Amino acid sequence: MKKNLWYGFLFLATTFYAQEVDTTILNFKEYLGYVKKYHPIAKQAQLNIDIGQANLMRARGGFDPKMEVDYDRKKFKGTEYYDLLNATFKIPTWYGIELKGGFEQNEGDFLNPQNSVPEDGLFNAGVSVSVAQGLLINDRMATLRKAKFFREQTKATRDLLVNQILYDASLAYFDWLKAYNEKEIYSNFLDNAKIRFDGIKRSALVGDKAAIDTIEAKIAYQNRALSLEQAKVSLMKKSLELSNFLWLENDIPVELQPNVIPDINVEQNIDTTLEIQGNPLDSFTIENHPKLRALNYKIESLEVDRKLKANKLLPKIDLEYNFLTETPEVGNSFNTAEYKGGISFRFPLFLRKERGDLKLAKFKVVDARFERETTQLQIKNKVMAIFAELESFIDQNKLISDIVRDYNTLLRAEERKFSFGESSLFLINSRERSLIDAKLKEIEVRNKFFTAKAKLFNSLALNPVNL
């Protein structure tokens, strides 16, 4: 428990900075930094890289040297039928060539003549070669190549996963900011309604205002109070949704405290935090998009499969040749006239399985290429649509700001006329409701503007390096 409290204190000390005595601001960049570093999904994305490395290590194991020892012995009723020892050391190479070295020592009363060797044993050193199927590509080579492509594919997948969790976290922050701004609006207008209600009540008591005006002022005050309570509930829900993305070291979740508020000036650092600044439409390219990179590596892997299946159409011809000697320590003891060798040949007559496998491999490549072309077009169109949406929101923000300013001017003018007895409380409440609606609309438009920026970040599948 003490350790958890310490982590919580460290989180608050490094993530928040003071705004007022009783509130602290959760900065957007620091918030995303903690999401990227500590969120379980972000860690899971990094785990994919480790899986790719482990898969590559396993594939490289197909080229590891191997030692094999076979020992057989039979002894019955005092008779040693045979005692066979065969030790071999093999070194696979990249192409279908395998280097071999071995030692053979056999004895017994009923020994097969072909196993007869000198008393001190017989050494051999040679090579086995696949001259048709398996020479330029074989299962070991294909597995290693695909493992390398898979490793690079996991890096692109990691970027996609990190980008998605940061995108979801950004939307949660913007919704939290929207709910906070709405609560602040209702809080401010509740104060105005309370001041107006108290003033009218005092005026009614001295006979300057009609008593019915106090009822209307009270209703306006109660409506503002009701709206404020609803806004507080919405803010609480958005705060809890935001807490889903807050984690610390050792997988410790963090619950957002009531005194923590969002940065109302977040618009100033959204572009730098999401690293979408300096990306105009005319310089937009998608060649390095992580999703397309992942598809390219998938196609490369399928091409390796296709080549391997095509190689299976060739006959399997294996040649083997081994020098034999009793004295391997003497260099010139290896004589080409003393050897053990052979050749094996295998070839299916109809090749129906092999031809079927090749066709399926070709279809998979074509299917993956279609997927890449479709994905490329979808990404391009989506990004272009978001750029157009952002341009529109710039104009919308300016328009709604002007509308809010004009409604505010009308309300102030109506209040001034009311102070002179030339207006009514009904008109003031009407002007105020219009101003509240305009301010809420302004908050909504700003939230959509921020969301569009997050969509651009998500469409580009960026993985910020400065978080």
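The values are calculated or read from the model by the stated rules, or taken from the named source; none is laboratory data. The model shown is predicted, which means the values in this text are computed figures rather than measured ones. Cβ atoms come from the backbone with ideal geometry, glycine included; neighbour counts cover every protein chain shown. SASA here: full protein model, heavy atoms, side chains in, ligands and nucleic acids out. Shrake-Rupley method; radii C 1.70, N 1.55, O 1.52, S 1.80 Å.
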Surrounded by fewer than 16 Cβ atoms within 10 Å (Cβ to Cβ), modelled with pLDDT of 85 or more and outside any helix (DSSP H, G or I): does that describe GLN257?
yes
From the list LEU226, LEU292, pick out the single residue that is touching a helix residue (DSSP H, G or I) at 6+ places or on another chain (Cβ under 8 Å) and in a helix (DSSP H, G or I).
LEU292
Among the residues of region 414-429, the number that are open to solvent by 80 Å² or more (accessible area, probe 1.4 Å) and not small (Gly, Ala, Ser) is 5
By my count, strands (runs of 3 or more DSSP E) wholly in region 23-134 with at least 1 residues that are touching a strand residue (DSSP E or B) at 6+ places or on another chain (Cβ under 7 Å) and free of Cβ contacts under 8 Å to residues at least 24 places away in the same chain are 66-76, 79-92, 97-107
Scan LEU226, LEU160, LEU205 and give me the residue that is under 22 Å from the mean Cα position of the chain (by Cα) and not hydroxyl-bearing (Ser, Thr, Tyr).
LEU160
Within region 420-436, residues being within 50 Å of the chain's Cα centre (by Cα) and in contact (Cβ under 8 Å) with a residue 24 or more places away in the chain number 5
Go over the candidates ASN322, ASN311 one by one and state the one that is within 30 Å of ALA156 (Cβ to Cβ) and touching a strand residue (DSSP E or B) at 6+ places or on another chain (Cβ under 9 Å).
ASN311
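Here's the yes/no breakdown for (1) over 25 Å from the mean Cα position of the chain (by Cα); (2) farther than 30 Å from GLU300 by Cβ; (3) part of a helix (DSSP H, G or I); (4) among the aliphatic types (A, V, I, L, M):
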| position | (1), (2), (3), (4) |
| --- | --- |
| ASP357 | yes, no, yes, no |
| LEU360 | yes, no, yes, yes |
| ARG369 | no, no, yes, no |
| GLU373 | no, no, yes, no |
| MET384 | no, no, yes, yes |
| LYS398 | yes, yes, yes, no |
| SER401 | yes, yes, yes, no |
| PHE418 | yes, yes, yes, no |
Specify which of the listed residues (LEU228, LEU240) is surrounded by 16 or more Cβ atoms within 10 Å (Cβ to Cβ) and out of contact with any His (no Cβ under 8 Å at 6 or more places or on another chain).
LEU228
Candidate set: region 313-333, residues that are β-branched (Val, Ile, Thr) and touching a Phe, Trp or Tyr at 6+ places or on another chain (Cβ under 6 Å); chosen: the one most open to solvent (accessible area, probe 1.4 Å):
ILE317
From ARG202, ARG151, ARG140, residue being charged (D, E, K, R), open to solvent by 60 Å² or more (accessible area, probe 1.4 Å) and modelled with pLDDT of 90 or more
ARG140
Per the list (1) at pLDDT 90 or above; (2) more than 24 Å from the chain's Cα centre (by Cα); (3) among the polar types (S, T, N, Q), residue check on SER283 breaks on (1)
Is it the case that some residue within region 437-456 is open to solvent by 20 Å² or more (accessible area, probe 1.4 Å), under 19 Å from the mean Cα position of the chain (by Cα) and aliphatic (A, V, I, L, M)?
no
Just to check your reading of the model, which residue among GLU216, GLU182 is in contact with a Leu (Cβ under 6 Å, 6 or more places away or on another chain), in contact (Cβ under 8 Å) with a residue 24 or more places away in the chain and either open to solvent by 30 Å² or more (accessible area, probe 1.4 Å) or among the hydroxyl-bearing types (Ser, Thr, Tyr) (or both)?
GLU216
Cross-chain or 6+ apart pairs with Cβ under 7 Å, region 437-449 first and modelled with pLDDT of 95 or more, then assigned to a helix (DSSP H, G or I) and among the hydroxyl-bearing types (Ser, Thr, Tyr)
ALA438/TYR407; GLU442/SER401
